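Presented below is the structure to which this report refers.
The values are calculated or read from the model by the stated rules, or taken from the named source; none is laboratory data. On a predicted model such as this, the values are computed, not experimentally measured, just so you know. Please note: Cβ atoms are built from the backbone with ideal geometry, for glycine as well, and neighbour counts cover all protein chains shown. The area values use the complete protein model at the heavy-atom level, side chains included, leaving out ligands, DNA and RNA. Shrake-Rupley method; radii C 1.70, N 1.55, O 1.52, S 1.80 Å.
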Amino acid sequence: PGPRPQSAAPRRATSLDVFALVTPELDQGFYPALQRGFDAAANEYGRQIIACQTDNSIHKQADVVIQLADKGVAGVAMLPPSAGVAPASHVRLLQNQGIPVVLLHRPVEGVSAPLITLPAERIGEMAGRQLLAAGHKRVDYMATQRVTVARRYEVGLREALADGGASLPDDWVDYGEMTGFSKEDYAEYHDHVTGVLDRLFAQPEPPTAIFTSFETLAELVYLAATQNGLRVPQDLSIVTVGSSKRGGAITQSMTAVTVNEGEAGDRAARLLEEMNRGERPIDDDEAFTAAI
């Protein structure tokens, strides 16, 4: 894994006195609330923020990291792409220049940095219990990718359904292959969702509810269902994972297990400030759990 950074406060001859937030996208799902919380806490320390979008691309993240290192920012909160394996070198490049890093949602193997993670099994369990309480026994699960967090949602959902006398058939679990967030990516995945619904509702007893791993996916399911003549929630209920602050008209009307991403952004900025002040080592590996 290479040399570890020194456990000391960052020391640079020159620096840009801002914190950077690096995420796969900025304007949907968890990300607006995450950015607002990050910005509010950074402002308490007199720091502005830079928000950088990687489009879930490791290559674009590399370009962003190089530019931030060159600018000498005061700290970086990073949510690594889910497509591929995030290289440890991206984090080490920053840390070796004395720039503290906080990881969001996903760890990066081979580095030590504070991590704010999601209680994914608990989220899946809560969704399952909500569905059971509403009388649903036939539940489908959809995720955009077969990533660790999505698989942990499935584990929690399965356990909750089993405890309630229901089950999750393997052919009612769908992991897509959506790796980007462009207009073309969403259009292609919409077609995939339509195909999944066609298959499910061709069965004698289709699911009465779908749990999705992300609120943007829930919107795609909603649109595909209504375009296929299904009524939501009369014919199909949709439960998703969402931010505690949801802006879209469709997502606001959906049942969701909400994650307090504003609090996660706030904590990320405070952890960066602690490392800047030498109150926490730059290679600290303490893990925190986001509130739900």
Set of the stretch 273-292 residues, backbone N closer than 20 Å to the point 7 Å along the Cα-Cβ line of residue 159
287-292
Projected-area average for the stretch 128-242 over all orientations - Cα convex hull basis, square nanometres
6.7
Calculate the dipole size of the stretch 45-195 relative to its Cα centre from +1 charges on Lys and Arg beta carbons and -1 charges on Asp and Glu beta carbons; express the result in debye to the nearest 20.
640
Quick one: Karplus J couplings for the stretch 268-281, per residue in order, coefficients 6.51, -1.76, 1.60, θ = phi - 60°, nearest Hz, x for Gly and Pro?
4, 5, 5, 5, 4, 5, 4, 5, 4, 7, x, 7, 9, x
Accessible area in the full protein assembly, largest first, 1.4 Å probe, for 283, 55:
55, 283
In nm, the gap between the two label points placed 7 Å beyond Cα toward Cβ at residue 288 and residue 170 is 4.1
Can you give the FRET efficiency to the nearest 0.05 for residue 40 and residue 231, using r as the Cβ-Cβ distance and R₀ = 35 Å?
0.30
Can you give the direction-averaged projected area of the convex hull of the alpha-carbon atoms in the stretch 34-161, in nm²?
9.3
Just report the Cα centroid separation between the stretch 131-163 and the stretch 85-117, whole Å.
30
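Run the numbers for residue 85 and residue 185: contour at 0.36 nm per residue of separation, minus the present Cα-Cα distance, in nm.
Length difference between fully extended and current span is 34.0 nm.
Where does the longest stretch of the chain lie that holds no GluC sites (Glu not before Pro) found in a DSSP loop with 13 or fewer other Cβ atoms within 10 Å?
My reading of the result: 1-108 is the longest stretch.
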Cα centre as origin, Lys/Arg/Asp/Glu Cβ charges: the stretch 112-178 dipole, Debye
180
So what's the net charge close to residue 65: Lys and Arg +1, Asp and Glu -1, counting the other residues with Cβ under 13 Å from its Cβ?
+1
Roughly what angle does helix 215-227 make with the longest principal axis of the chain, taking Cα atoms, 0 to 90 degrees, to the nearest 10?
30
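If you average 1/r across every pair of different Cα atoms in the stretch 19-74 and take the reciprocal, what Kirkwood value do you get, in Å?
Working: mean 1/r = 0.0849 Å⁻¹.
Averaging 1/r across every pair of different Cα atoms and inverting gives 11.8 Å.
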Enter the accessible area of residue 103 (Å², nearest 10), with the probe set to 1.4 Å and all protein chains included.
10
Cα convex hull of the chain, projected area averaged across orientations, nm²
15.1
Could you tell me how many degrees, from 0 to 90 and to the nearest 10, lie between the Cα long axis of helix 148-163 and the main elongation axis, the longest principal axis, of the Cα atoms of the chain?
40
Cα long-axis angle, helix 31-44 against the chain (0 to 90 degrees, to the nearest 10):
30
